[in-house]
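Quick note: the coordinates plus some simple rules give every number you see, no bench work behind them. This one's a predicted model, so the numbers in the text were calculated from it and none came from an experiment. Every residue, glycine as well, gets a Cβ built from its backbone with ideal geometry; the counts of neighbours run over all protein chains shown.
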Amino acid sequence: MSAPVIPPGGTLLQTFKKSFVDVPVDADNDNAISTAEFLDAAESLTTMFDVLGSVAFSPVKSDMLGNIKKLRDRFLAAPTESTTLQSLVINELKTKKHVATEGLLWLNRGLDFTCIALSQNVAQEAEELSTSFRNAYGSTLKPHHGILIKPVFSAAMSACPYRKDFYPKLGEDQAKVAAELRVYLAALEKIVAILKGFQERKEAKW
């Protein structure tokens, strides 16, 4: 795993192919989330795990990328029926399959975990990443993980770098890094919440 190269004066978020800030959400159409931009943004977020630097985060990253692939495969197979995440799910379930739908459920849990961990860490300037990630894991992914997976993820939480080593890797200007992260995480939090609400609905269940 190699972290992206950040241009001088720039930030890690500026190296992302797509930010969650730029993912179209149609407020007039049941908060429909554009599939293509969402998948690019989710894929870009996984480079954050490279910056965390530990091989312990490989399972976290590969899990998210695996679920992104399930969604992308469905999107490519039926593009006109999958322009938004909501339409992708509803139309896939009509075919009596739920590969991408289940992938989205797990991907959203992974995004929720990452969003809560980083939001908590940005807000609590004295808190180490391992604490923030462990707390976020307990409230998001852990309840859904089996006995074999929990130790793998717990190991990743313990392997988090110190914040004094992590944040400089996101960019030289720490005020800029923090400001961009807050905007980015707020956009991600909004999308995660929309998806959670949608996934609770009968039409999104299999």
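Numbers for the structure displayed
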| item | result |
| --- | --- |
| 222 nm mean residue ellipticity, helices alone, for the chain (DSSP H n ≥ 4; -39,500 (n - 2.57); rounded to 500) | -19000 deg cm²/dmol |
| Neighbour-count order for Ile191, Ile149, fewest beta carbons within 10 angstrom listed first | Ile149, Ile191 |
| Long-range amide H partners of Gly171 with built H, under 5 Å | Leu12 |
| Residue-wise HN-Hα coupling along the stretch 29-41, computed from phi with Karplus coefficients 6.51, -1.76, 1.60 (Hz; x: Gly, Pro) | 10, 6, 6, 4, 9, 5, 5, 4, 5, 4, 5, 5, 5 |
| Fewest-first sequence of Trp206, Trp106 by Cβ atoms within 10 Å of each Cβ | Trp206, Trp106 |
| Semi-axis lengths (Å, descending) of the ellipsoid that matches the C-alpha gyration tensor of the chain | 29, 20, 15 |
| With Cα atoms, 0 to 90° folded angle of helix 58-77 axis to the chain main axis | 30 |
| Principal-axis tilt of helix 129-139 within the chain, Cα atoms, nearest 10 degrees | 30 |
| C-alpha long axis of helix 85-94 to longest principal axis of the chain, angle in ° | 40 |
| ³J(HN,Hα), Karplus 6.51/-1.76/1.60, whole Hz, each residue of the stretch 179-191, x for Gly, Pro | 5, 5, 4, 4, 5, 4, 5, 5, 5, 5, 4, 4, 5 |
| Of every Cα-Cα pair in the stretch 33-141, the percent that sits beyond 22 Å | 36 |
| Listed residue pairs exceeding 21 Å between alpha carbons, taken from Lys69/Lys176; Lys18/Lys169; Lys61/Lys96 | Lys69/Lys176; Lys61/Lys96 |
| C-alpha center-to-center spacing [the stretch 117-157, the stretch 1-75] in angstrom | 19 |
| The chain: relative contact order as a whole-number percent, Cα under 8 Å and 6+ apart | 26 |
| Which of Thr80, Thr101 has the fewest Cβ neighbours within 10 Å, and the rest in rising order | Thr80, Thr101 |
